[in-house]
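Enquirer: What follows is a single structure, and I will ask about it in a moment.
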Amino acid sequence: MSVRLGEILLKEGMINQEQLQKALEQQRTTGGKLGSCLTKLGYITDDDITGVLSRQYGVPSINLSYYEIDPTVIKLIPQDTAVRYQVIPLSRVGSVLTIAMTDPTNVFAMDDIKFMTGFNVEPVVASESAITDAIGRFYGAAANSEDLSKTMSDLLGDDEEPDVELSAEEAQLDASALERVAEEAPIIRLVNLILTDSLKRGASDIHIEPYELEMRVRFRVDGQLQTVMTPPLKLKDAISSRLKIMAKLDIAEKRLPQDGRIMIKFKTAEGKKKELDFRVSTVPTLYGEKIVMRLLDKENLRLDMTKLGFEQETLTKFQRNIMKPYGMVLVTGPTGSGKTNTLYSSVSQLNTVDTNIMTAEDPVEFQLMGVNQVQMKDQIGLNFAAALRAFLRQDPNIILVGEIRDFETAEIATKAALTGHLVLSTLHTNDAPSTISRLMNMGIEPFLVATSVNVICAQRLVRRICTNCREVLDVPQQALLDAGFTPEEVKTVKVYHGKGCSTCNKGGYKGRAGLYEVMEINDDLRELILVGASALELKKKAVEQGMISLRRSGLIKVMDGVTTLEEVLRETVL
């Protein structure tokens, strides 16, 4: 394409031979495309290039800087394919997909996209720099486009078979061959790119998944999974081996799940040094090992409780109870609902030089100065119950237990709370009142639950509306009433949603906020617990006494324009 473009421009009289030679020299020195080098040197503009290509190939040209693309159309072509072929999907009408590309004679690219999408492909011409900018704008990875393109071309530069492609049985035996492939520069660069790109996109988890015919990499951003690339299937062993080497795992063991940790340091675009911590988990699946990495970014840990999203009344109630000298503080919710952040924020507030704080965690996600943190190791018998017993001989003031999973842990935690210690822990329940039933189902006596528990906080995370493209949404009054708004509120409430813009990558959401339901155990609720009242009765009494439920917390955030009604309905029940 480079020489052909140069010849076309010479033929059209747009540049002279000397200018072409200078551009080719710069290309050899700095890399990149010839068109980009010509525009950087000021010999020609992007519009000139698209105009001449349009005339040459008889294909319409387009100025992508003024073009907005529907996110559903963007999803038709994966990012790595767009980068590899320098194309971007523009629109779909019926069975015809219109794509912008730098080289409309590239039949391999068009055939590949036609096979991948199932649509007939109609090309239009755009300049190289315009397509690179558009990929960055609509796929949200401008900084990595060139890196990814170069890495992919290195990996796919030839059609030869990979140096190593082993079956599952052979791979367990030939670890040295796997290690050799995993240390090759393109693989190292691709893996590093995946890790650093996850941070730039604000991802909380990375999923690397092999299937029968393809491999895909997905990031969880603001609670939603999105596909970011589909590396060639032949690289699955090399990628998994590289990650296992980084996490200090056994690369020859592919039959059993393994857990590890990766810590890397890198420089951000602003030149600031940053340390990334990934929790790595591998699981053997039908077609290879699935690897999930949880990104633990210390900068995302909010230790200021006022910024977590508590309603003021709810926050006052929660803080009042964590300041008590003894008793249990329980935080409940599903995996990924922000329980750890709430507990760490509580510990941070209680962390003074005159308190001895001990934590039993699996795993220790963040290191807190002045707190004695213990990592659980089940394989040697160091579980929550064993750690708790040891803690009670260490003169603690405050104990944090990562999770109450069984009767033994629950019993020791309850007794510790009754003997003058403040115990903070988590449970997996749907709301605050059902936590009481869960403890009793584990085998804890009602009188112990009633006297030991101070407060229960149930929580969820919902996506925040992007402030850059927020607009009012017209919602029928009946839908608002069904959601839980009062008739008076329905008359005045404004419901917002995100239209989608470049800031939020066309999604309409940016960041997340917490919904909180805090149930303070007072004398009335203790009496109900002692007589074995159901979770429904406890909830009714708590709401009568002013408890803000999860649904109500969500509706307040809808009225404040923080989140959408759709998000609240997805995460909570009436």
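The values are calculated or read from the model by the stated rules, or taken from the named source; none is laboratory data. Remember, predicted model here, so these are calculated numbers, not experimental data. Here Cβ is always computed from backbone atoms with ideal geometry, including for glycine, and neighbour counts include all displayed protein chains. Ligands, DNA and RNA are stripped out before the accessible areas are found, and what is left, the full protein with its side chains, is counted by its heavy atoms. Shrake-Rupley method; radii C 1.70, N 1.55, O 1.52, S 1.80 Å.
Enquirer: Pick from GLY338, GLY271, GLY327, GLY309: which is on the phi > 0 side of the Ramachandran plot, at pLDDT below 90, in contact with a helix residue (DSSP H, G or I) (Cβ under 8 Å, 6 or more places away or on another chain) and not hydrophobic (A, V, I, L, M, F, W, C)? Give the steps one after another, and end with the answer.
Expert: On the way: GLY338 fails: in contact with a helix residue (DSSP H, G or I) (Cβ under 8 Å, 6 or more places away or on another chain); GLY271 fails: in contact with a helix residue (DSSP H, G or I) (Cβ under 8 Å, 6 or more places away or on another chain); GLY327 fails: at pLDDT below 90.
None of the others qualify; the one that does is GLY309.
Enquirer: For ARG464, are the conditions met, namely being over 27 Å from GLU544 (Cβ atoms), open to solvent by 40 Å² or more (accessible area, probe 1.4 Å) and charged (D, E, K, R)? If you could, list the steps in order and put the result at the bottom.
Expert: On the way: over 27 Å from GLU544 (Cβ atoms): yes; open to solvent by 40 Å² or more (accessible area, probe 1.4 Å): yes; charged (D, E, K, R): yes.
Yes.
Enquirer: Only one of these is without any contact (Cβ under 8 Å) to a residue 40 or more places away in the chain and either part of a strand (DSSP E or B) or touching a Leu at 6+ places or on another chain (Cβ under 7 Å) (or both): VAL353, VAL374. Name it.
Expert: Numbers: VAL353 fails: either part of a strand (DSSP E or B) or touching a Leu at 6+ places or on another chain (Cβ under 7 Å) (or both).
Sole residue among the options that is without any contact (Cβ under 8 Å) to a residue 40 or more places away in the chain and either part of a strand (DSSP E or B) or touching a Leu at 6+ places or on another chain (Cβ under 7 Å) (or both): VAL374.
Enquirer: Select, from ALA82, ALA109, ALA100, the only residue that is small (Gly, Ala, Ser), touching a helix residue (DSSP H, G or I) at 6+ places or on another chain (Cβ under 9 Å) and in a strand (DSSP E or B).
Expert: Working: ALA82 fails: in a strand (DSSP E or B); ALA109 fails: in a strand (DSSP E or B).
Every option except ALA100 fails the conditions.
Enquirer: Applying the selection to the stretch 208-230, what residues are open to solvent by 60 Å² or more (accessible area, probe 1.4 Å) and either of a type in the set (Gly, Ala, Ser) or in a loop (DSSP other than H, G, I, E, B) (or both)?
Expert: Of everything in the stretch 208-230, those that are open to solvent by 60 Å² or more (accessible area, probe 1.4 Å) and either of a type in the set (Gly, Ala, Ser) or in a loop (DSSP other than H, G, I, E, B) (or both) turn out to be TYR211, GLU212, LEU213, GLU214.
Enquirer: Those residues that are crowded, with 22+ Cβ neighbours inside 10 Å and either touching a residue at least 60 places away in the same chain (Cβ under 8 Å) or of a type in the set (D, E, K, R) (or both), I need them from the stretch 432-451; list them, please.
Expert: Correct list: ALA432, PRO433, THR435, ILE436, VAL449.
Enquirer: Could we say that ARG512 is basic (Lys, Arg) and farther than 30 Å from GLY136 by Cβ here?
Expert: Values: basic (Lys, Arg): yes; farther than 30 Å from GLY136 by Cβ: no.
Here the answer is no, as ARG512 does not meet what is asked.
Enquirer: Of the residues that make up the stretch 1-18, is at least one acidic (Asp, Glu) and either surrounded by 16 or more Cβ atoms within 10 Å (Cβ to Cβ) or under 40 Å from the mean Cα position of the chain (by Cα) (or both)?
Expert: The first filter runs over the stretch 1-18 and keeps only residues acidic (Asp, Glu), leaving 7, 12, 18.
Subsequent filtering for residues that are either surrounded by 16 or more Cβ atoms within 10 Å (Cβ to Cβ) or under 40 Å from the mean Cα position of the chain (by Cα) (or both) retains none.
Among the residues of the stretch 1-18, not one is acidic (Asp, Glu) and either surrounded by 16 or more Cβ atoms within 10 Å (Cβ to Cβ) or under 40 Å from the mean Cα position of the chain (by Cα) (or both), which makes the answer no.
Enquirer: Another question, then. For the stretch 527-550, enumerate the residues that are open to solvent by 50 Å² or more (accessible area, probe 1.4 Å), β-branched (Val, Ile, Thr) and closer than 27 Å to ALA479 by Cα.
Expert: If the condition is that a residue be open to solvent by 50 Å² or more (accessible area, probe 1.4 Å), β-branched (Val, Ile, Thr) and closer than 27 Å to ALA479 by Cα, then VAL543 is the only one that fits.
Enquirer: Quick one: LEU343 ticks every box in (1) aliphatic (A, V, I, L, M); (2) at pLDDT 95 or above; (3) under 22 Å from GLU571 (Cβ atoms) bar one, so which box is it?
Expert: For LEU343, the failing item is (2).
Enquirer: Just checking, does the stretch 479-494 include any residue being of a type in the set (Phe, Trp, Tyr), open to solvent by 50 Å² or more (accessible area, probe 1.4 Å) and touching a residue at least 12 places away in the same chain (Cβ under 8 Å)? Full working, then the answer.
Expert: Filtering the stretch 479-494 for residues of a type in the set (Phe, Trp, Tyr) gives 485.
Add one more test, that the residue is open to solvent by 50 Å² or more (accessible area, probe 1.4 Å), and what stays is none.
Within the stretch 479-494, none of the residues are of a type in the set (Phe, Trp, Tyr), open to solvent by 50 Å² or more (accessible area, probe 1.4 Å) and touching a residue at least 12 places away in the same chain (Cβ under 8 Å).
Enquirer: A further question follows. Among what's in the stretch 362-383 and is modelled with pLDDT of 90 or more and under 30 Å from VAL462 (Cβ atoms), pick the residue that is surrounded by the fewest Cβ atoms within 10 Å (Cβ to Cβ).
Expert: Step by step, filter the stretch 362-383, then rank; the result is GLN373.
Enquirer: To continue, here is another question. Of GLY402, GLY420, which residue is touching a residue at least 12 places away in the same chain (Cβ under 8 Å), in contact with a strand residue (DSSP E or B) (Cβ under 8 Å, 6 or more places away or on another chain), open to solvent by 10 Å² or more (accessible area, probe 1.4 Å) and among the small types (Gly, Ala, Ser)? Break it down stepwise before answering.
Expert: Values: GLY420 fails: in contact with a strand residue (DSSP E or B) (Cβ under 8 Å, 6 or more places away or on another chain).
Only one candidate qualifies: GLY402.
Enquirer: Can you name the residue in the stretch 497-526 that is open to solvent by 30 Å² or more (accessible area, probe 1.4 Å) and free of Cβ contacts under 8 Å to residues at least 60 places away in the same chain and is also nearest to the chain's Cα centre (by Cα) among such residues? If you could, list the steps in order and put the result at the bottom.
Expert: Within the stretch 497-526, the subset open to solvent by 30 Å² or more (accessible area, probe 1.4 Å) is 497, 499, 502-503, 505-507, 509-510, 512, 520, 522-524, 526.
In the following step, the residues that additionally are free of Cβ contacts under 8 Å to residues at least 60 places away in the same chain were identified as 499, 503, 522-524.
On the way: LYS499: 21, THR503: 16, ASN522: 38, ASP523: 42, ASP524: 42 Å.
Checked the stretch 497-526; the qualifying residue nearest to the chain's Cα centre (by Cα) is THR503.
Enquirer: Here's another thing I want to ask about it. Tell me whether the stretch 37-44 contains one or more residues that are under 20 Å from ASP103 (Cα atoms), touching a residue at least 40 places away in the same chain (Cβ under 8 Å) and surrounded by 13 or more Cβ atoms within 10 Å (Cβ to Cβ).
Expert: Within the stretch 37-44 (the criterion being under 20 Å from ASP103 (Cα atoms), touching a residue at least 40 places away in the same chain (Cβ under 8 Å) and surrounded by 13 or more Cβ atoms within 10 Å (Cβ to Cβ)), the answer is yes, since at least one residue qualifies.
Enquirer: Does the stretch 183-196 hold any residues that are open to solvent by 10 Å² or more (accessible area, probe 1.4 Å) and not in a loop (DSSP other than H, G, I, E, B), and which are they?
Expert: Just the residues of the stretch 183-196 that are open to solvent by 10 Å² or more (accessible area, probe 1.4 Å), to begin with: 183-186, 188-189, 192-193, 196.
Once the filter is applied, which keeps residues that are open to solvent by 10 Å² or more (accessible area, probe 1.4 Å) and not in a loop (DSSP other than H, G, I, E, B), the stretch 183-196 yields ALA185, PRO186, ILE188, ARG189, ASN192, LEU193, THR196.
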